[in-house]
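Undergrad: Sharing a structure with you now.
The values are calculated or read from the model by the stated rules, or taken from the named source; none is laboratory data. Please read these numbers as outputs of a predicted model, since none were measured by experiment. Here Cβ is always computed from backbone atoms with ideal geometry, including for glycine, and neighbour counts include all displayed protein chains.
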Amino acid sequence: MPETAAPFNPSSLMPITPRPDLVFVRGEGAYLFDRQGRRYLDWVQGWAVNCLGHAPAAVAQALCQQARTLINPSPAFYNEPAMELATLLTRHSCFDQVFFASSGAEANEGAIKLARKWGQLHKQGAFEIITFVNGFHGRTLATMSASGKPGWDTMFAPQVPGFPKAVWNDLASVRALIHDKTVAVMLEPVQGEAGVMPADAAFFQGLRALCDAHGLLLIADEVQTGCGRTGTLFAHEQYGVEPDIMTLGKGLGGGAPLSALLAKADVACFAPGEQGGTFCGNPLMCAAGVAVMHSLLAEGFLATARQMGAQLAEGLRQLSREFGLGEVRARGLLLALELGHERAAQVVTLACERGLLLNAPRAHCLRFMPALNTRAQEVTQGLDLLRGVLDELR
């Protein structure tokens, strides 16, 4: 007789994050559905991962077709989806070469390695990369060390050395850290985990000028801000700045684990054997990335996403005025609302009970990351649900 299946046991999963007592079984567009069939409007979308919403037809079809054709021939060989995706990315950016990986942290780790290799070749072994207080670059040991998230400097000590921290939007603090061992400056155009804190235009442009003056590389971590999230294909385009290196992740796979490290030709200096990974550039994930890129590049897609971002930003400002809350920060469909009190976790819990999924990157603010193809009526619905939560708290 067949063995009876064991019941699902949540304790079998490592408790790496607080999880509500919910089990989601299906997603469709802007919504998630739990075991009881209850629907939730999802304004987290996997932390800005599901740029086309849940189970988008374009990605599902690409994955199904590719899974029947070729899943992983190994990164030692070319495959068509990887070449197509790399061509799309270089054709629509200022970069010349691409390395594919599975996570944003992995792409950022690659960017760190590439900058250090470039420093060995061109800067007498310079290796330090200036990063920023409250920045976030991932959860590997090196990317945690590069991050400026409070408490991360002792969590898994000792840190990987070589990441002095400057003050956000303070060019003088960056200039003060430059010396003969400095090889690069690395930043998020918008600090997401810090609560959606955009770089000032003069600051970002000043960093480019500072790097040029000192012969340093400028690395843009666009894991969260790239792939249309801030209203343009890449956030740095809004600043008129060309980085030397860029990383992508999250939205690039539309829900599938895919990331990318992009570099200009004169910086792409890895020799064979210095960078790689078992799943890097596998055709299954790259097929999903191709589907995402074609969707983002479709006529009118990003313009509509910008309109939805403007609608949501204005709605949040109205709620802020109505309830006496704080600042709304917005770049496309990456937004934050300052609450003026440290009850963000409570707001998230109450919103979930009402069928709205939110994220609180800090105790005093909420972050909003709807799907880029969200519709006007969904924005209105979410604002109404949030109004109800804020009214209950008041």
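Undergrad: Based on this model, can you work out whether residue 200 counts as of a type in the set (Asp, Glu), under 28 Å from residue 337 (Cα atoms) and over 18 Å from the mean Cα position of the chain (by Cα)?
TA: Yes; evaluated as a whole, the condition is true for this residue.
Undergrad: How many residues, within region 312-330, are under 23 Å from residue 377 (Cβ atoms) and either part of a strand (DSSP E or B) or hydroxyl-bearing (Ser, Thr, Tyr) (or both)?
TA: The qualifying residues number 3.
Undergrad: Within region 165-183, can one find any residue that is assigned by TED's automatic domain parsing to the domain that holds residue 258, of a type in the set (Gly, Ala, Ser) and either at pLDDT below 95 or under 23 Å from residue 360 (Cα atoms) (or both)?
TA: First, pick out the residues of region 165-183 that are assigned by TED's automatic domain parsing to the domain that holds residue 258: 165-183.
Now narrow it down to the ones that are of a type in the set (Gly, Ala, Ser): 166, 172-173, 176.
Within this subset, residues satisfying the condition of being either at pLDDT below 95 or under 23 Å from residue 360 (Cα atoms) (or both) are none.
No: zero hits.
Undergrad: Scan region 334-357 residue by residue and report those that are touching a residue at least 40 places away in the same chain (Cβ under 8 Å), part of a helix (DSSP H, G or I) and either under 21 Å from the mean Cα position of the chain (by Cα) or more than 19 Å from residue 192 (Cβ to Cβ) (or both).
TA: 346, 349, 350, 352
Undergrad: Next question. Restricting the search to region 11-63, which residues are aliphatic (A, V, I, L, M), over 17 Å from residue 358 (Cα atoms), touching a residue at least 60 places away in the same chain (Cβ under 8 Å) and part of a helix (DSSP H, G or I)?
TA: Answer for region 11-63, where residues must be aliphatic (A, V, I, L, M), over 17 Å from residue 358 (Cα atoms), touching a residue at least 60 places away in the same chain (Cβ under 8 Å) and part of a helix (DSSP H, G or I): 58, 59, 62, 63.
Undergrad: I'm trying to understand the selection: among the residues of region 242-266, which are of a type in the set (A, V, I, L, M, F, W, C) and crowded, with 22+ Cβ neighbours inside 10 Å? Before the answer, list the steps.
TA: Initially, region 242-266 is screened for residues of a type in the set (A, V, I, L, M, F, W, C), giving 245-246, 248, 252, 256, 258, 260-263, 265.
Answer for region 242-266, where residues must be of a type in the set (A, V, I, L, M, F, W, C) and crowded, with 22+ Cβ neighbours inside 10 Å: 245, 246, 248, 252, 258, 260, 261, 262, 263.
Undergrad: Right, residue 371: outside any loop (DSSP other than H, G, I, E, B) and either at pLDDT below 95 or within 26 Å of residue 223 (Cβ to Cβ) (or both) or not?
TA: It is false that residue 371 is outside any loop (DSSP other than H, G, I, E, B) and either at pLDDT below 95 or within 26 Å of residue 223 (Cβ to Cβ) (or both).
Undergrad: I've got another one for you. Being aliphatic (A, V, I, L, M), under 30 Å from residue 262 (Cα atoms) and surrounded by fewer than 19 Cβ atoms within 10 Å (Cβ to Cβ) is the requirement here; does residue 310 meet it? If you could, list the steps in order and put the result at the bottom.
TA: Values: aliphatic (A, V, I, L, M): yes; under 30 Å from residue 262 (Cα atoms): yes; surrounded by fewer than 19 Cβ atoms within 10 Å (Cβ to Cβ): yes.
Answer is yes for this residue.
Undergrad: Among the residues of region 17-24, is there at least one that is charged (D, E, K, R) and surrounded by 11 or more Cβ atoms within 10 Å (Cβ to Cβ)?
TA: no
Undergrad: Of the residues 82, 105, which is touching a Lys or Arg at 6+ places or on another chain (Cβ under 6 Å) and either in the same structural domain as residue 270 (by TED's automatic domain parsing) or crowded, with 20+ Cβ neighbours inside 10 Å (or both)?
TA: None of the others qualify; the one that does is 105.
Undergrad: Which condition breaks for residue 204 when tested against (1) under 18 Å from residue 86 (Cα atoms); (2) among the aromatic types (Phe, Trp, Tyr); (3) surrounded by 23 or more Cβ atoms within 10 Å (Cβ to Cβ)?
TA: Unmet condition: (1).
Undergrad: Condition test on residue 148, is it small (Gly, Ala, Ser) and in a helix (DSSP H, G or I)?
TA: no
Undergrad: Residues of region 175-199 being out of contact with any Asp or Glu (no Cβ under 7 Å at 6 or more places or on another chain) and outside any loop (DSSP other than H, G, I, E, B), which ones?
TA: 175, 184, 185, 190, 191, 197, 198
Undergrad: Restricting to region 108-131, give me the number of residues that are of a type outside the set (S, T, N, Q), in a strand (DSSP E or B) and either free of Cβ contacts under 8 Å to residues at least 40 places away in the same chain or buried (at least 24 other Cβ atoms within 10 Å of the Cβ) (or both). Write out each step before concluding.
TA: Applying the first criterion (of a type outside the set (S, T, N, Q)) to region 108-131 yields 109-119, 121-123, 125-130.
Now drop any that are not in a strand (DSSP E or B), which leaves 128-130.
From the residues that got through so far, the ones that are either free of Cβ contacts under 8 Å to residues at least 40 places away in the same chain or buried (at least 24 other Cβ atoms within 10 Å of the Cβ) (or both) too are 129-130.
Selection size over region 108-131: 2.
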